[in-house]
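Read-outs throughout are calculated quantities, based only on the coordinates presented, and are distinct from any laboratory measurement. All figures in this text were calculated on a predicted structure; none of them were measured in a lab. FYI the Cβ positions are ideal-geometry reconstructions off the backbone, even for glycines, and counts take in every protein chain you see.
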Amino acid sequence: MSGPAPAPAAVIAGIGRYLPPDVVTNDDLSARLDTSDAWIRSRTGIASRHVVAPGTATSDLAVEAGRRALASAGGGAEAVVLATTTPDQPCPATAPLVADRLGLRGVAAFDVSSVCSGFLYGLATSAGLIASGTVGSVLLIAADAFTTIIDPEDRGTAVIFADGAGAVLLRAGRPDEPGAVGRVVLGSDGSLGGLIEVPAGGSRQRSSRIAPEPGEEFFRMRGRETFRHAVGRMTQSSRAALAAAGWDGPLAADRFAAHQANARILTAVAEELGIPAERRLSNIEWTGNTGAASLAVLLAEATARGTLKAGHRTLLTAFGGGLSWGATALLWPELKTFDD
């Protein structure tokens, strides 16, 4: 007598990305901030970044990336999950608006908020929806118009953050298929939430009836402490993800894709893991840190460029506010890309 059928796995079947057309270079920032191209490059690894035009919202970016992921997969979706820290407005959630614009009216749609770890939190959530049989496919989009919450006069954050969106289409499949999502290692530490925050605008500040101090509506990050925790948590979760996948250590990974937070963080994590430079994927030089979108944009771009190919054993990791972090490991599938 055979046992119950195993739960279906979530398999990546499509991918897409979108970056807004307006580009801000280091020289552009140097013209109004006390900084320089050399200073920015040496501390962040960033040369330019894409930013939204006035009136452009997170949903606009998400729709474009989602449309390309759907085209890549050649099909629709039964649910839309949007990972973002910059929803169009506090209420309603942005995902239903995106679903409607993509012609997916009536499907389940909701937002996931986990700052720069959002794509991995969304991946775990989407995989759970499929494993439970709730839906047979999920369009997972990670999108942020991060520059809308950045103080343009803050040299510490204005040079780092940017805007963009990336998406994957997940379908029900077998756990042994290329693209199948296995265990996603996740973690958080709310005791350190103050390292990365937007102080004003939420229920705590609003219920106090006290007007926020100037600048409290903007994103804040304590860089040095964040650096240390990011390196430690991404390294730790990466090792756990490798073990969960049954891979024999970091050198078993053909490609290493990390949230594009800062070039120095990326280098430190890769060196802690012992992953050679030629196996590391990065696009921070021309995209900056796009928040939740970062990892999804990187994967879509690397697939389009051919630096991430079918059969590559790929390690993913991210770290963000919360504090939150995550990692997973999977065999990369064959995917079509539609960048135009």
Checklist outcome for this item: With Cα springs under 10 Å, the Gaussian network model of the chain assigns the largest mean-square fluctuation among R171, R68, R41 to R41
Checklist entry - Given charges of +1 on the Cβ of Lys and Arg and -1 on the Cβ of Asp and Glu, with all other atoms neutral, how large is the dipole of region 181-331 about its Cα centre, in debye to the nearest 20? => result 160 debye
Checklist entry - What full-extension length gain, to one decimal in nm, is calculated for I210 and R155 as 0.36 nm per residue of separation minus the Cα-Cα distance? => result 17.0 nm
Checklist outcome for this item: Per the Kirkwood formula over distinct C-alpha pairs, the hydrodynamic radius of region 125-196 in angstrom is 15.5 Å
Next on the checklist: Compute, for region 9-179, the length of the dipole vector about the Cα centre, with Cβ point charges of +1 (Lys, Arg) and -1 (Asp, Glu) only. Units Debye, rounded to 20.
Outcome noted: 500 debye
Next on the checklist: 7 Å from Cα along Cα→Cβ at both A244 and F227: what's the point-to-point distance in nm?
Outcome noted: 2.9 nm
Checklist entry - On a 0 to 90 degree scale, rounded to 10, what angle separates helix 118-131 from the longest Cα axis of the chain? => result 20 degrees
Item to check | Candidates per GluC sites (Glu not before Pro) in region 62-154, loop by DSSP, up to 14 other Cβ within 10 Å | outcome: E153
Next on the checklist: Placing +1 on the Cβ of each Lys and Arg and -1 on the Cβ of each Asp and Glu in the chain, which of L323, S59, T157 has its Cα farthest towards the positive end of the resulting dipole?
Outcome noted: L323
Checklist entry - What are the chymotrypsin sites (Phe, Trp or Tyr not before Pro) within region 179-258 that DSSP puts in a loop, where the Cβ has at most 11 other Cβ atoms within 10 Å? => result none
Checklist entry - Between D27 and K309, 0.36 nm times their residue separation minus their Cα-Cα distance comes to what? => result 98.1 nm
Checklist entry - If you place +1 on the Cβ of every Lys and Arg, -1 on the Cβ of every Asp and Glu, and leave all else neutral, what size is the dipole of the chain about its Cα centre, to the nearest 20 Debye? => result 700 debye
Item to check | Linear extension gain, S132 paired with S203, 0.36 nm per residue minus alpha-carbon span | outcome: 22.2 nm
Item to check | For region 213-340, convex hull of alpha carbons as volume per residue, Å³ | outcome: 119 Å³
Checklist entry - Just D144, D254, D189 to compare: in a GNM of the chain, with alpha carbon springs under 10 Å, which one fluctuates most? => result D189
Item to check | FRET efficiency, A277 to C91 (Cβ-Cβ, R0 35 Å, nearest 0.05) | outcome: 0.20
Next on the checklist: Can you give me the C-alpha center-to-center distance between region 95-164 and region 36-55, rounded to a whole angstrom?
Outcome noted: 23 Å
Checklist outcome for this item: Given 4 °C, 1.567 mPa s and a Kirkwood radius over Cα pairs, the Stokes-Einstein diffusion coefficient of region 9-129 in µm²/s is 80 µm²/s
Item to check | Principal-axis tilt of helix 263-273 within the chain, Cα atoms, nearest 10 degrees | outcome: 40 degrees
Checklist outcome for this item: Using the Kirkwood formula on alpha carbons, the hydrodynamic radius of the chain in angstrom works out to 19.9 Å
Next on the checklist: Give the residue list of trypsin sites (Lys or Arg not before Pro) in region 97-169 that are DSSP loop and have at most 10 other beta-carbon atoms within 10 angstrom.
Outcome noted: R105
Next on the checklist: For a Förster distance of 30 Å, can you work out the FRET efficiency between the beta-carbons of D100 and E334, rounded to the nearest 0.05?
Outcome noted: 0.45
